[in-house]
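Here's the structure we're looking at; comments come further down.
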Amino acid sequence: MEVLLLGDYHVTLYVSPDCEDCQKARRFLENKGINYEEKSIQDSGARGELRYKTGRTECPTIDVDGHIVVGYLPEKWDHLLSEGPLRMT
């Protein structure tokens, strides 16, 4: 997959295989036309990176330029992606 940006923000989606919410998360981002980098926690490097960032390995997790939402929470994701991480409160 290509490394993708939302405006000036880097978007990473952490997923696990056979995860229904991960499928929903992909559709959510694709329907909004948001490019993202996908990382599978089956990869030990990605799993370690996610654990370092969040203290756990729950998927899906979205990271928008260091601002993280664990779990598929469309309303929070929408707010993060539409408002931009630098304007989050």
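The values are calculated or read from the model by the stated rules, or taken from the named source; none is laboratory data. Computed from a prediction, not measured in an experiment: that's the story for all the values here. Using ideal geometry, Cβ is built from the backbone for each residue, glycine included, and neighbour counts are taken over all protein chains shown. All accessible areas refer to the heavy atoms of the entire protein, side chains included, with ligands and DNA or RNA removed. Shrake-Rupley method; radii C 1.70, N 1.55, O 1.52, S 1.80 Å.
Observations on the structure shown:
- When ARG47, ARG27 are compared by accessible area at a 1.4 angstrom probe, the order from most to least is ARG27, ARG47.
- Environment charge of GLN42, counting only residues whose C-beta is closer than 14 Å and scoring Lys/Arg +1, Asp/Glu -1: -1
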